[in-house]
Amino acid sequence: MAISSSITSAFNANSGLNLLINQFMAIERRPLTSLNTKKASINNIINIHSDLKSKLTDLLTAARDLASTNTSSIYNSRTSNSSDETKLTTSADTGAAVGTFQIRIKQLATGASIQSTGELITKASAKSTSKVAPGSGTIDVTKSFANAGFTNTPDGTVTINSQTFTLSDYSTVQSFLDAVNNDATANSNIYYNKTEDKFYVEQKSGNTDLVISETGSNPLFSEIKITANTYTGNGNTGIQSDVLLSKANFDGILTSTTNGSFKINGVTLTYNTNTDTLDSILSKINSSTANVNAFYESSLDKVVIKSKNTGSTDTITLSDVSGNLLSTLNLSGATATNGTDSLFTINSTNSADQITKSTNSFSINGITYSLKNTNVTAYTDSTYTTITVNQDTRAIQSKITDLLDKFNSATGYIKDKTNIDPITKIRGPLAGNTTFSLLSNQLFQKLSEQITGITGGNPDYLSDIGITIDKSLKASLSDTTKFNNAIISDSKAVEDLFNSAHGIANKIDSLLKPFVESSSLSRDSIIEETKKIFSRQIDNIDTRINRMEERLKIKENQYRQQLYTMQGLLNSAVFQGSQIVSFTNSVFGNNTF
């Protein structure tokens, strides 16, 4: 019975059946595993061809850059240098004339300008001579005099135009300011500019003097750095540019119209005296299409408008459309000063050779000039700024170095993939591929051989300009001194080594083009055709794999049915054995013979 129990244990669960089935199927799948391995190997070859095409394409592009003979080629790149960039800066376009140029600048181009015909506030006024709050603090006018931030708490009285105010009568500094500003007898406007940390006192109307006096142990005017005195006209406080237009301290009176508009250079701008300030109006002007910059110059107490354009024909036009804001700003009767042209000579001290431009930035013969300042008062002056334009030899050297880098990348990749390790004998994925081995050899040959068709006496080997191939088969510009001497002495001779009919760049182009580009007959490149062959092999393998997978499914089902049948037979045998044992025990009991 030990034997039947042992056999039964091998089949007594589905896990046992699955284990046997998996073992059988592993043997059956060996051909499929072989196909998948072959497929992975071919996919790897396809990827290698894609990578190689990318490297050869990069090399071809670098060669074509050096093979170019058009006006935008690297050989026509230029550098420019100014002897004094505070006077003049330049940049040279491709193909600009090489040479040295003496630039004499007599006048810069300017834009038109216009400004207020007179000060915007001429009434008598006074302001703090220095900051009021101690340190970097400011005065908080919403608080009492004791807590507002003064160095000493102001006390006593102040008299403005014969009207007296007692400071202790007011709970806050602002309530005092409001009382003064609303008092007809005082006829003045007093306010605090937090940005400047200064106080201003201005006569409201009329041409009378502003008379102020004070009393107290810490008199207010002394604390806010204003001398108690009599102030005459031509005030020095300036316009409140950050307060509403309706409340600003202009000499002129804005009309009662709340909404108004004006034109600058034909562009209409609108304003609202109850929501706009002078600052906001200036911002509207500057962000408009009027093409001007406007600002308030406090030292002049005038609005100044300057054109963004330049040139002698440039001007500024403006007018009030509704309301009288421009009139209030003393601009409506102002006359614009027209702009000026830039005046200069190139390689000449003769005024008859003067060149006129409407701007300070312009191009002449491929050189872009940016005038910064004048350097002569007369063209006969000995001073000038020298501009030097040269061929950009660094750019050419960089392109040649790029070609060599791409050359090394491509040939190194071919060597790595076609190599057979002499010790381990491990073969590269492309080992034995004579097409690419030959291509690599041809590339080295093109780089090393004589360039034919070169003018006699000129360099006809790349080694003549410092390009060599070392023992590890790496090409490089190893002798920059030889290269610099060659290109300085005759840049055309260096150019011919690459872009002449038989130049190295054209040779590489002819060699690589069939490998990476489709032909005129719409035939794919050599690499793409090769990849298609491998792809078809992949397709065939996939078909075989799919068929084999179907057959394996059938085979697995067959194994499973056979093992289930065996399991049933075994279970029946075990059951019969158990019955025999039970019958024997019942007949004979435990007797022994």
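The values are calculated or read from the model by the stated rules, or taken from the named source; none is laboratory data. Remember, it's a predicted structure, so these values are computed and weren't measured experimentally. Every residue, glycine as well, gets a Cβ built from its backbone with ideal geometry; the counts of neighbours run over all protein chains shown. Note: accessible area is taken over every heavy atom of the protein model, side chains too, but ligands, DNA and RNA are not part of it. Shrake-Rupley method; radii C 1.70, N 1.55, O 1.52, S 1.80 Å.
Hydrophobic (A, V, I, L, M, F, W, C), in contact with a Ser or Thr (Cβ under 6 Å, 6 or more places away or on another chain), under 19 Å from Leu56 (Cα atoms) and open to solvent by less than 80 Å² (accessible area, probe 1.4 Å): does that describe Leu443?
Yes; evaluated as a whole, the condition is true for this residue.
Counting only residues that are within 60 Å of the chain's Cα centre (by Cα) and under 18 Å from Leu17 (Cα atoms), which one in segment 536-586 is least open to solvent (accessible area, probe 1.4 Å)?
Across segment 536-586, the extreme among qualifying residues is Leu552.
Out of segment 434-452, which residues are within 46 Å of the chain's Cα centre (by Cα) and farther than 25 Å from Ser476 by Cβ?
The one that is within 46 Å of the chain's Cα centre (by Cα) and farther than 25 Å from Ser476 by Cβ: Thr435.
Kindly establish whether Ala228 is touching a Phe, Trp or Tyr at 6+ places or on another chain (Cβ under 8 Å) and over 21 Å from Ile114 (Cα atoms).
Working: touching a Phe, Trp or Tyr at 6+ places or on another chain (Cβ under 8 Å): yes; over 21 Å from Ile114 (Cα atoms): yes.
So Ala228 fits the description; yes.
Scanning segment 170-228 for residues that are among the aliphatic types (A, V, I, L, M) and assigned to a loop (DSSP other than H, G, I, E, B), which turns out most open to solvent (accessible area, probe 1.4 Å)?
Ala184
When segment 391-409 is examined, which residues are found to be open to solvent by 70 Å² or more (accessible area, probe 1.4 Å) and at pLDDT below 95?
Residue satisfying the conditions is Arg394 alone.
Which condition does Glu529 not pass, out of (1) crowded, with 16+ Cβ neighbours inside 10 Å; (2) modelled with pLDDT of 90 or more, if it passes all the others?
(1)
In segment 16-50, which residues are surrounded by 12 or more Cβ atoms within 10 Å (Cβ to Cβ) and among the charged types (D, E, K, R)?
Glu28, Arg29, Lys38, Lys39
Does segment 115-145 hold any residues that are open to solvent by 60 Å² or more (accessible area, probe 1.4 Å), more than 24 Å from Ser175 (Cα to Cα) and part of a loop (DSSP other than H, G, I, E, B), and which are they?
Hits for segment 115-145 are Thr117, Glu119, Gly135, Ser136.
Return the residue satisfying two criteria in turn: it lies in segment 406-450 and is in contact with a Phe, Trp or Tyr (Cβ under 8 Å, 6 or more places away or on another chain) and aliphatic (A, V, I, L, M), and of such residues it is nearest to Ile467 (Cα to Cα).
Leu447
Somewhere in segment 475-483, is a residue part of a helix (DSSP H, G or I) and surrounded by 20 or more Cβ atoms within 10 Å (Cβ to Cβ)? Spell out the reasoning first.
So in segment 475-483, the residues part of a helix (DSSP H, G or I) come out as 480-483.
Still in the list and also surrounded by 20 or more Cβ atoms within 10 Å (Cβ to Cβ): 483.
Within segment 475-483, one or more residues are part of a helix (DSSP H, G or I) and surrounded by 20 or more Cβ atoms within 10 Å (Cβ to Cβ).
Within segment 97-146, how many residues are of a type in the set (Val, Ile, Thr) and in contact with a Leu (Cβ under 9 Å, 6 or more places away or on another chain)? Can you show your working first?
In the first step, residues of segment 97-146 are kept if they are of a type in the set (Val, Ile, Thr); the result is 98, 100, 103, 105, 110, 114, 117, 121-122, 129, 132, 138-139, 141-142.
From what is left, the residues that are in contact with a Leu (Cβ under 9 Å, 6 or more places away or on another chain) are 103, 105, 114, 117, 141.
So the answer is 5.
Looking at segment 322-330, can you tell me whether even one residue there is in contact (Cβ under 8 Å) with a residue 12 or more places away in the chain, touching a Phe, Trp or Tyr at 6+ places or on another chain (Cβ under 8 Å), more than 27 Å from Ala92 (Cβ to Cβ) and open to solvent by 70 Å² or more (accessible area, probe 1.4 Å)?
Checked against the condition, which is being in contact (Cβ under 8 Å) with a residue 12 or more places away in the chain, touching a Phe, Trp or Tyr at 6+ places or on another chain (Cβ under 8 Å), more than 27 Å from Ala92 (Cβ to Cβ) and open to solvent by 70 Å² or more (accessible area, probe 1.4 Å), segment 322-330 yields no hits at all.
Can you tell me which residue within segment 410-439, out of those that are hydroxyl-bearing (Ser, Thr, Tyr) and loosely packed, with under 15 Cβ neighbours inside 10 Å, is nearest to Asn347 (Cα to Cα)?
That would be Thr435.
Quick one: how many residues across segment 252-295 are part of a strand (DSSP E or B) and touching a strand residue (DSSP E or B) at 6+ places or on another chain (Cβ under 7 Å)?
Selection size over segment 252-295: 16.
Being over 26 Å from Leu300 (Cα atoms), open to solvent by 60 Å² or more (accessible area, probe 1.4 Å) and among the β-branched types (Val, Ile, Thr) is the filter here, so list the residues in segment 241-274 that pass it.
Once the filter is applied, which keeps residues that are over 26 Å from Leu300 (Cα atoms), open to solvent by 60 Å² or more (accessible area, probe 1.4 Å) and among the β-branched types (Val, Ile, Thr), segment 241-274 yields Thr257, Thr268.
Need the failing condition index for Ala352 against (1) without any contact (Cβ under 8 Å) to a residue 24 or more places away in the chain; (2) touching a Ser or Thr at 6+ places or on another chain (Cβ under 7 Å), just the number.
Just one mismatch for Ala352, condition (2).
Which pairs do you get when a residue that is touching a residue at least 60 places away in the same chain (Cβ under 8 Å), found in segment 524-537, comes within reach of a residue that is of a type in the set (Val, Ile, Thr), reach meaning Cβ atoms under 6 angstrom, with the pair 6+ apart or on two chains?
What qualifies is Ser525/Val516; Lys531/Ile46; Phe534/Ile42; Phe534/Ile45; Phe534/Ile46; Gln537/Ile42.
May I ask you to list pairs of residues, at least six apart or on different chains, whose Cβ atoms are under 8 Å apart, with the first in segment 420-445 being of a type in the set (D, E, K, R) and the second being at pLDDT 90 or above and surrounded by fewer than 11 Cβ atoms within 10 Å (Cβ to Cβ)?
none
Just checking, does segment 303-312 include any residue being within 28 Å of Thr237 (Cβ to Cβ) and either at pLDDT below 95 or open to solvent by 30 Å² or more (accessible area, probe 1.4 Å) (or both)?
Yes; the residues of segment 303-312 include at least one that is within 28 Å of Thr237 (Cβ to Cβ) and either at pLDDT below 95 or open to solvent by 30 Å² or more (accessible area, probe 1.4 Å) (or both).
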